[in-house]
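To start, the structure itself, in structure tokens.
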Amino acid sequence: MQSSKMKKDESFLGKLGGSLARKKKSKEVSDLHEEGKNAINAPLLPSGTEIHPEDALLEENAERIMLDPASRENPKFKDLVKTLTEWINSELEEDRIIVKDLEEDCYDGQVLQKLFEKLSGRKLNVAEVTQSEIGQKQKLQTVLEAVNSVLRPHGWTVEWSVESIHSKYLVSIVYLLVALAMHFQAAIRLPEHVSVQVVVVKKLEGILQTAVVTKELTTTTEMMMGRFERDAFDTLLDHAPDKLNVVKSSLITFVNKHLNKLNLEVTELESQFADGVYLILLMGLLEDYFVPLYNFFLTPESFEQKVHNVAFAFELMQDGGLMKPKARPEDVVNLNLKATLRVLYNLFTNYKNSE
């Protein structure tokens, strides 16, 4: 009886072992099938990018787009994001709005609304604060319609939508901000030749298919500046360089008329205004006030100190009622003649009759 029982137990364990082995074998086959399917479905997927669980829930012909992680960490792209973030904070400083993360701070339309109103001078009829998703999308719809009505007539391709912005798709947000910065002639220099790779996941006939697409966010400075309305200095430098010395001579005469009061004299526009000191002193003379020496570097040594001086001079100009200069402080410090001419000509047109 004992021998019979042992045989029965062995038979049972054998069956159990066989069952477990078959299940293991089945799972291995299933895993291999899944691995093969993923290999077929995602042949172009960049390393480090994963298929998300929600991709399996995509409806037929629907797609999801995401920024490739490697592109997100690209130094040029990060520099572009940083430049745009600082620009927004500069524009909205009076509104006490501080943007730290473009994805988290721009998706609900609040920041984009304030930025567009500041740049365009238009007031949009939208609710100030919207907490619900429906309310946020309605606000975004109104803001983007206003933005598109301004940009489309000038040939801008709309690379953004309510859904892409609200889903915090960084590439769409950056596309939009770059377009606004260029269209409204922001006094910033965008990094050149910034491209990113985006992963497109699409469901076709129940199978997920992926592709990698390169998106060009910026080109060369000259091409981007070509979107702007060219001013007199573009025309002057391109078509009448012989007249450039006449303009420079007139500006030198104007600035020396005032700087001579401090026993200072300018002979080279590009270099002598590059550290910002003469610009600050000139503004004090034109507006008839003394600028405390602790507000700027009288003998700047580093690039940062020079940029601080020029930026401070720009603030003094705006305090005097002038428009924000269409140049970056960095351009003046880098001896960019066109930028320096624009700044000085703006002073000349406003103060040419000042004694």
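For first residues located in region 127-147 and under 17 Å from Leu115 (Cβ atoms) and in a loop (DSSP other than H, G, I, E, B), partners that are open to solvent by less than 80 Å² (accessible area, probe 1.4 Å) and of a type in the set (Asp, Glu) and lie 6+ apart or on another chain with Cβ distances below 7 Å form the pairs Thr130/Asp108.
Residue by residue, here is whether (1) in contact with a strand residue (DSSP E or B) (Cβ under 6 Å, 6 or more places away or on another chain); (2) outside any helix (DSSP H, G or I); (3) open to solvent by 30 Å² or more (accessible area, probe 1.4 Å) holds:
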| position | (1), (2), (3) |
| --- | --- |
| Asp275 | no, yes, yes |
| Ile280 | no, no, no |
| Gly284 | no, no, no |
| Pro300 | no, yes, no |
| Gln305 | no, no, yes |
| His308 | no, no, yes |
| Phe314 | no, no, no |
| Gln318 | no, no, yes |
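Scanning region 264-299 for residues that are out of contact with any helix residue (DSSP H, G or I) (no Cβ under 8 Å at 6 or more places or on another chain) and either within 18 Å of Ser250 (Cβ to Cβ) or not assigned by the TED database to the domain that holds Arg342 (or both) gives a single hit, Glu268. Checking Arg189, Arg227 one by one, the residue that is modelled with pLDDT of 75 or more, open to solvent by 60 Å² or more (accessible area, probe 1.4 Å) and either within 27 Å of Leu67 (Cβ to Cβ) or more than 25 Å from the chain's Cα centre (by Cα) (or both) is Arg189 and no other. Assess whether Val332 counts as being touching a helix residue (DSSP H, G or I) at 6+ places or on another chain (Cβ under 6 Å), open to solvent by 20 Å² or more (accessible area, probe 1.4 Å) and either on the phi > 0 side of the Ramachandran plot or free of Cβ contacts under 8 Å to residues at least 60 places away in the same chain (or both). Spelling it out, it is not the case that Val332 is touching a helix residue (DSSP H, G or I) at 6+ places or on another chain (Cβ under 6 Å), open to solvent by 20 Å² or more (accessible area, probe 1.4 Å) and either on the phi > 0 side of the Ramachandran plot or free of Cβ contacts under 8 Å to residues at least 60 places away in the same chain (or both).
Test Lys168 against the criterion of being modelled with pLDDT of 90 or more, outside any helix (DSSP H, G or I) and outside the structural domain of Phe312 (by the TED database), and give yes or no. Outline the logic, then answer.
Values: modelled with pLDDT of 90 or more: yes; outside any helix (DSSP H, G or I): yes; outside the structural domain of Phe312 (by the TED database): yes.
The answer is yes for Lys168.
The values are calculated or read from the model by the stated rules, or taken from the named source; none is laboratory data. Note that the structure is predicted; figures quoted are calculated from it, not measured. So basically every Cβ, Gly included, is an ideal-geometry build from the backbone, and we count neighbours across all protein chains shown. Keep in mind that these areas ignore ligands, DNA and RNA; they rest on the heavy atoms of the full protein, side chains included. Shrake-Rupley method; radii C 1.70, N 1.55, O 1.52, S 1.80 Å.
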